[in-house]
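Written out below as structure tokens is the structure these notes cover.
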Amino acid sequence: MKLFSVKLRASKDGKHISGAERITPYEKINTVINQLYHRLSRKEFDSINIKIDILKEQPLLVEKTLPVVNLTFKNHIEANKTAVQIIQKQTGLSEEKIKQLIDLIHSGASPDGENMRGAIIVDQKGNRLERDRFRGVRTTHVDYLERDKIIQKLIKKGFTERTADALALTTKNMLCPDIIVEYCISDEPDYLTGYISTKEAYYRLTPLKEKGNKKGGRIYFVKNGADIDEIYRFLEEKPVLIKDVGI
Ligand code: COA
Ligand code: AMP
């Protein structure tokens, strides 16, 4: 069956506000555009861009997302201490280096002090590997095989569609052989839950950022000697469809 990537992104005054992607058969393109438009247009925008591309290769079918583990803390400082411990165990990087990278995300990781347009990539020696420090790398071409069913399942368990999207994205990241662990906080000032993913689990940490902070971002920690071209290719181009959620 021919499948298409449908992406919508909204911006205001030249600044990205939000975006989303679906992988869908030809017959459902119209419905998907309407659903995404409905979601994105809730925020004030002056431009919406729609991009539709046929998938050039068959998607990788994945049985399940990472299992979800919820962790709550009294504040973001305590949550970040746990985050540092998990990352330290997985990467062997010093606590100081990990804290420095996390602080960068919380204060605007782009060289202009704004949020990056994608994720930082860093290896186990602490070397930054992304090709462009304003852009980073963006994971795309990932969705659920039967999205509606998955959303219903997550909602019944008290989660939201945002969790579904983040879980799909990070499940794809953890399928990349060179990626060991990921750290993420949203750039929305009121969304305080962040996550850490390892090959084994998706840890949702609440609160991982301070209320009111407009800064956010992702860090992909990779193995030493990682093949950077292959990481970009896999994350940006390899289509992945997930069948079920690990809850
Ligand atoms: N932040 C800032 N700018 C962005 C952006 C983002 N997340 N996504 C797109 N842009 C802007 C950039 O200027 C980009 O140019 P660049 O490649 O030089 O950075 C331009 O739009 C064109 O982007 P495009 O090539 O169409 O983007 P894409 O193929 O990477 O797809 C999205 C963009 C938004 C559809 C994709 O990142 C996506 O699906 N995101 C889903 C996010 C999500 O589900 N997050 C989990 C929720 S917690
Ligand atoms: P979000 O999860 O959409 O709130 O995005 C939080 C941050 O993650 C953004 O500020 C970007 O720095 C980064 N980001 C956004 N989209 C992607 C993506 N598709 N892949 C990797 N990083 C992203």
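If you scale each eigenvalue of the Cα gyration tensor by 5 and take the root, what three semi-axes come out for the range 1-53, rounded to whole angstrom and sorted largest first?
Computed over the range 1-53, the values are 22, 10, 7 Å.
Rg and Dmax in Å for the range 81-141, alpha carbons only: what are they?
When restricted to the Cα atoms of the range 81-141, Rg and Dmax are 12.0, 34 Å.
Normalising by the residue count of the chain, find the relative contact order in percent from Cα pairs under 8 Å and 6+ residues apart.
That works out to 26 percent.
In a shell of Cβ-Cβ distance under 15 Å around Glu44, excluding Glu44 itself, what net charge do Lys and Arg (+1) and Asp and Glu (-1) give? Intermediate results must be reported in sequence, preceding the final value.
Working: positive: Arg9, Lys12, Lys15, Arg39, Arg42, Lys43; negative: Asp13, Asp46, Glu188.
Net charge around Glu44: +3.
Whole angstrom only: what separates the Cα centroid of the range 149-180 from the Cα centroid of the range 109-123?
What the calculation gives is 22 Å, centre to centre.
What translational D, rounded to a whole number of µm²/s, comes out for the chain from Stokes-Einstein when the hydrodynamic radius is the Kirkwood one over Cα pairs, at 25 °C and 0.890 mPa s?
Rounded, D is 133 µm²/s.
Can you give the FRET efficiency to the nearest 0.05 for Asn49 and Gln100, using r as the Cβ-Cβ distance and R₀ = 51 Å?
0.90
Going toward the positive end of the dipole of the chain, with +1 on Lys and Arg Cβ and -1 on Asp and Glu Cβ, which of Ile48, Leu93, Pro189 do you reach last?
Checked the options; the winner is Pro189.
What is the local net charge at Glu63, summed over the other residues whose Cβ is closer than 10 Å to its Cβ (Lys, Arg +1; Asp, Glu -1)?
So the environment of Glu63 carries a net charge of +1.
Sorted by mean Cβ packing within 10 Å, highest first, what order do the peptides 170-183, 14-27 take?
Ranked by mean Cβ neighbours within 10 Å, highest first: 170-183, 14-27.
Assuming R0 = 41 Å, what is the FRET efficiency of Thr31 and Ala201, from their Cβ-Cβ distance, to the nearest 0.05? All intermediate terms of the calculation are to be shown ahead of the outcome.
Numbers: r = 33 Å, r/R0 = 0.81.
Approximately 0.80, to the nearest 0.05.
Rounded to the nearest whole Å³, what is the per residue volume of the convex hull around the Cα atoms of the range 108-247?
105 Å³
Percent antiparallel among DSSP beta bridges with both residues in the chain, to the nearest 5? Could you put the intermediate results ahead of the total?
Working: 33 of 50 bridges.
About 65 percent, rounded to the nearest 5.
A short reminder: the numbers here are calculations on the coordinates, not readings from a lab. What you see is a predicted model; the values in this text were computed from it and never measured. For neighbour counting, all protein chains shown are included, and Cβ atoms are generated from backbone atoms with ideal geometry for every residue, glycine included.
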